[in-house]
C-alpha cells in the first residue's frame, strides 16, 4: 500500500495506517497493533506551543511515531526538531511520516536510548525538551516486557529519573522542559526535577469530566529557574461522553 503527499510516495507496511492530524494537512503513519499516540501527546503540544520561541531548537525524548515534533511543527516556529526513540519500528514509522509531510529539513528522527541522550546529542544544546514518557512503574505480572505497548506505558527501558536527568543535560540554561504525566506521581516528579536543577514554573491538571479526579498533569519546568509555580486553570476533556469541551477542539485544530 502506498501513501502520497506533495508528490512524495511512502510505502505502508503490514497493519499500518495513515491518520489525518486535522492540521496543516499533516498525516502520521501508525500501527494500531503496536501503539498509537494518545490525547496526552496532543495536549502536551498545546501546552507547550505558545511558549516555544521562534528559532528554538527542540528535542522530544521517547518520540514514538513522531507525533509531538510533527504537531509542533505546525503550531510554533522552532528552527529544528530532534526526536529520540529506542524502538526501531516506531522510529521507522516516524521517519516515513516526516518524509510524507515533507518535514525532513526540519525534523530529525534518531534511534537511541533516552538514558544515553546526553551522549547522543551535545549537552546544553536545546532551548526546549519535550517528553510523553512511560507513566507506570509497576511491571508485576507483565509477561511481554519487550512489547511496544508495554515499553510505551511502563518504565521498562527507562525511568522517570532517566527522562528528567537527560532533559536537564540537554537543556541550555533557562531552557524549558515540557512533560505530561500522571498526578499520582507529582511529588516524585518535583523531587527529581529539583535534584537536576529543573524548577517547575507552570502546571495544568487534566480532568476527563468536571466531576472526576484529574488523570493527567502537564508540567513546564525551567533549567535553573527561580521558585515560583503557576497552577493554570483545569482543563476538562468531555462535556458529556463522546463530546469534547470547546478547548479540546481548539487544541486538536478541529
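Where a number appears in this text, it was derived from the coordinates with a stated rule and is not lab data. Just so it is clear, the model here is predicted, and its values are computed rather than measured. Glycine gets a Cβ as well: all are built from the backbone with ideal geometry, and neighbour counts include every protein chain shown.
Points to keep in mind about this one:
- One Cα centroid belongs to the range 50-64, the other to the range 213-254; the line between them spans 18 Å.
- A Förster radius of 25 Å combined with the Cβ-Cβ distance from residue 173 to residue 228 puts the calculated FRET efficiency at roughly 0.90.
- As a rough footprinting exposure proxy, the listed residues 243, 180, 42, 110 were ranked by other beta carbons within 10 Å of their own, and the order from fewest upward is 243, 110, 42, 180.
- Segments 99-106, 200-207 sorted - mean Cβ within 10 Å per residue, highest first: 200-207, 99-106
- A P(r) calculated from all alpha carbon pairs of the range 36-252, with 10 Å bins opening at zero, reads 8, 35, 39, 17, 1 percent.
- Ranked from largest, the principal axis spans of the Cα set of the range 1-113 equal 39, 32, 24 Å.
- Its relative contact order, with pairs defined as Cα atoms under 8 Å and 6+ residues apart, puts the range 11-144 at 25 percent.
- Counted by neighbouring Cβ atoms within 10 Å, the residues 159, 174, 73 run from fewest to most as 174, 159, 73.
- Within the chain, percent of DSSP bridges classed antiparallel, to nearest 5: 50 percent
- When the convex hull of its Cα atoms is viewed from all sides, the range 28-80 shows a mean projected area of 3.6 nm².
- Distance in nm between pseudo-label sites at residue 15 and residue 124 (7 Å out along the Cβ direction from Cα): 4.5 nm
- If you sort the three axes of the alpha carbon gyration tensor as a ≥ b ≥ c, you get a/c of 1.5 or more for the range 54-134 and a/b no higher than b/c, which makes it oblate.
- Using the Cβ-Cβ distance between residue 239 and residue 104 with R0 set to 30 Å, the FRET efficiency from 1/(1 + (r/R0)^6) comes to roughly 0.15.
- Taking other C-beta atoms within 10 angstrom as a stand-in for reagent exposure, 56, 79, 97 fall in the order 79, 56, 97, fewest first.
- Pairwise label distance in nanometres, residue 159 with residue 215, each label 7 Å out on the Cα-Cβ vector: 2.8 nm
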